[in-house]
Every structure is written in C-alpha cells, then in structure tokens.
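First comes the structure, then the notes that go with it.
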Amino acid sequence: MKKLRTLVVVHASLVPPDKLEGHTAKEIDEWRTEYDVTSTLRKSGHDVRVIGVLDSLTDLRSAIADWQPDIVFNLLEEFDGIVTYDQHVVAFLELMRQPYTGSNPRGLLLSRDKSLCKQLLAYHRIPTPQFTVFRKGVRINSPRRLRYPLFVKSTVEDASLGIAQASVVEDAAKLRERIEFVHEQVGSDALVEEYIEGRELYVGVMGNERLTRLPVWEMVFGTLPESLAAIATRKVKWDKRYQQKYGITTHEAKDLPPAVVARLDRLSRRIYRALGLSGYARMDFRVTPSGEAYVLEANANPNLEAAEDFAESANAAGIPYEELLARLMNLGLSYRAQWRASYG
C-alpha cells in the first residue's frame with residue numbers, strides 16, 4: 001500500500017519509546033502492543049506520529065486538524081479510565097470525518113456491553129450460555145432458572161479483569177460473595193451465566209462487508225490441576241510465570257472435526273454482522289465434548305501485539321504482521337462511514 005500519514009492513538013501512559021533498549025521486561029510488557037504497531041508501521045515506510053489520550057480530546061483534535069493524517073490507527077481501550085468510553089472517542093473521529101482502524105462506535109457499544117450483547121445474540125438464536133444480570137444496588141436473589149456451576153464476571157470490563165478461580169461458583173453463598181466482589185471491587189454490574197465445560201476457542205474475523213475468518217485458535221490449559229476450573233483468569237492470560245509453571249499456551253486448534261470448524265465459521269460471521277462490527281474482532285467460544293459451540297464474548301479491537309492470539313492466527317493464515325496492519329488500515333480507509341458522500 002502507499003505510504004500514509006498515520007496517527008497512532010494510544011493511552012497517555014502507553015506511548016512507546018523508539019527502542020526497547022534500556023527498558024525492563026515489565027516496562028516493555030505495559031506498552032508492547034503500542035511498540036509493535038508503531039515500529040512495524042515505521043518499518044513499512046509510513047509517516048507515523050503517536051499521541052497519548054487520557055481525559056481530553058483537545059490534543060487529538062489539534063493533531064487531526066493540523067497534520068491531517070490519512071488514517072488514525074486506534075489503539076485506545078478506554079477514556080479517562082472508563083472502558084465503555086472508547087466508543088465515544090471513535091464517534092469523535094467520525095464527527096471529524098477522520099478514517100480510523102478498528103470497529104465503528106456502534107459495534108464497540110454493542111460488544112462492550114456484555115449483557116446487551118448476549119440479549120442480541122439470543123434474539124438471533126446464536127447459542128450462548130443462559131445468563132442473568134445483577135445490577136449494583138439491587139437485592140441479590142438466587143437465579144432459579146440457571147444451573148450450577150455458574151460463572152460471574154463484569155458486564156463491561158475486558159482483559160479478564162476481575163476473573164479468577166473464585167469466578168466459578170457452586171452454590172448460592174459463593175454466588176452472592178462473587179457478585180458482591182464484582183459490584184464493589186470491579187465497580188460494575190455482574191453478569192452471571194452457566195459455566196460451560198469444554199475447549200476454549202478463539203476465532204478472529206476481519207472485514208467490513210466481506211469477511212475473512214482466521215484459523216481457529218485454542219487456549220490450552222496445560223497441567224492446570226483438575227481442582228481448578230479451566231478458565232482464562234487474569235493470571236492465565238497475563239502472568240508469564242504462571243503460564244510457564246502449568247504449560248499454559250495458545251496455538252492453532254488441532255483435531256477439530258470439520259463440522260465444528262464450519263459451525264464456528266458460520267457463527268463468527270453471524271455474530272460479527274449481528275453486532276454491526278467492522279475492522280476486526282475476535283469471538284470467544286466454548287465447545288463441549290459433544291461438539292456444541294457456545295459464544296462467550298465478542299471482542300471488538302482485540303489485542304494487536306505481534307505475539308498475541310489475533311496476530312499469530314493471522315500469521316498462520318499466511319498474513320505476516322506487517323501485512324496484517326496494512327489490511328486493517330485498508331479496512332479503515334474503505335469503511336462506509338455515514339459522513340462519506342459516496343457509497344460506491
């Protein structure tokens with residue numbers, strides 16, 4: 001693709017340095033995604049500027065007005081510490097008539113709100129675990145129509161925030177305890193759903209009108225003790241020592257029956273369209289031993305670190321990291337936003 005003026009938008013605390021030298025592994029882990037994206041774009045010949053956003057859009061507005069970037073590469077996952085506010089930043093880009101990478105505001109809204117997302121999936125008869133929502137400040141009553149074990153998580157937070165072994169509960173007392181934890185410690189409503197035993201599979205999708213499904217990826221829990229639930233807790237996803245201790249890894253799913261792969265492909269496309277997603281997303285599934293597939297979440301704008309699931313699954317499909325970023329930029333440039341005069 002031609003060389004573009006590319007404004008990379010990141011959280012204010014995650015503006016990456018030009019080089020990794022002189023930084024600890026812990027420091028690098030914080031802004032690894034931002035570094036991978038910006039350094040790769042520069043290697044590809046693009047004119048790259050990075051801007052950090054915290055709780056104001058003044059500098060972003062000025063950068064767009066003064067520099068007039070061809071595209072904004074959006075890596076924001078929150079605004080002013082609020083996860084669901086990233087959609088408003090993208091809506092601001094639309095108001096500025098500025099092309100950007102990743103999902104549109106409506107897709108972000110529908111996928112970020114897990115309870116609303118699951119209601120939409122249920123309406124479209126897309127299989128998802130039975131669930132209910134416990135609002136903050138409302139009396140907690142044991143759900144009669146849900147079967148234990150149950151899984152408790154935040155309705156809005158991602159990256160496994162608030163998810164631990166205690167998130168899987170076997171009785172009413174533990175359920176109340178975990179709901180109160182989500183309300184008080186995470187600070188959000190609690191989503192309670194039936195726990196599905198099975199393989200944890202991830203399916204990446206790219207596209208606007210025409211969709212590309214990436215190879216099915218799997219979270220393998222290694223030697224995690226049977227006494228522990230095989231779930232993607234925060235430690236499982238982000239603690240490298242914990243991963244090494246139990247041999248926890250992710251890789252392309254093996255030995256999946258063709259019928260299951262076809263089902264995941266079909267469901268992923270239906271979910272993508274039902275939520276009005278664009279750019280790229282990742283669908284999280286549980287597949288039971290009998291081959292039944294249940295969608296757990298739809299993740300708009302998943303992690304783009306070069307060594308993370310989305311990029312690795314793209315690489316397995318013959319799309320190296322540099323090309324992946326180029327494709328996402330092209331999708332952003334071709335997205336039919338409302339402000340575009342022509343829908344040709």
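The values are calculated or read from the model by the stated rules, or taken from the named source; none is laboratory data. Here the structure is a predicted model, which is why all the values come from computation and not from measurement. Cβ: placed from backbone, ideal geometry, glycine included. Neighbour counts: every protein chain shown. Heavy atoms of the whole protein, side chains included, go into the accessibility calculation; ligands, DNA and RNA do not. Shrake-Rupley method; radii C 1.70, N 1.55, O 1.52, S 1.80 Å.
Hey, any idea what % of the chain's accessible area is carbon plus sulfur with a 1.4 Å probe? Carbon and sulfur: 48 percent of the exposed surface of the chain. Taking the longest Cα principal axis of the chain as reference, the axis of helix 86-95 is set at about 30 degrees.
Could you order peptides 251-258, 138-145, 40-47, 236-243 by the average number of other Cβ atoms within 10 Å of their residues, highest first?
Values: 251-258: 12.4, 138-145: 10.6, 40-47: 16.2, 236-243: 14.5.
For the peptides 251-258, 138-145, 40-47, 236-243, the packing ranking is 40-47, 236-243, 251-258, 138-145.
Applied to the stretch 255-263, the Karplus parametrisation 6.51 cos²θ - 1.76 cosθ + 1.60 on θ = phi - 60° returns per-residue 3J(HN,Hα) values of 6, 7, x, x, 5, 5, 4, 4, 5 Hz, with x for Gly and Pro. Within a straight-line Cα-Cα reach of under 23 Å, K3 can be paired with the following lysines, leaving aside sequence neighbours fewer than 8 residues apart in one chain: K19, K43.
Simple spin-label estimate for W67 and D18 gives 1.5 nm between the two label positions (7 Å along the Cα-to-Cβ direction from each Cα).
Using alpha carbons only, how many degrees (0 to 90, rounded to 10) separate the axis of helix 321-334 from the longest principal axis of the chain? Its long axis makes an angle of about 80 degrees. Using a 1.4 Å probe, what is the accessible area per residue for the stretch 234-308, in Å²? Ligands and nucleic acids excluded, the figure is 47 Å² per residue.
So, with +1 on the Cβ of K and R and -1 on the Cβ of D and E, and no other charges, what is the size of the charge dipole of the stretch 1-105 about its Cα centre, to the nearest 20 debye?
Numbers: 11 positive and 17 negative charges, 120 e Å.
About 580 debye.
Express the accessible area of the stretch 76-210 per residue in Å², computed with a 1.4 Å probe while the remaining protein chains stay in the model.
Values: 6430 Å² over 135 residues.
Value for the stretch 76-210: 48 Å² per residue.
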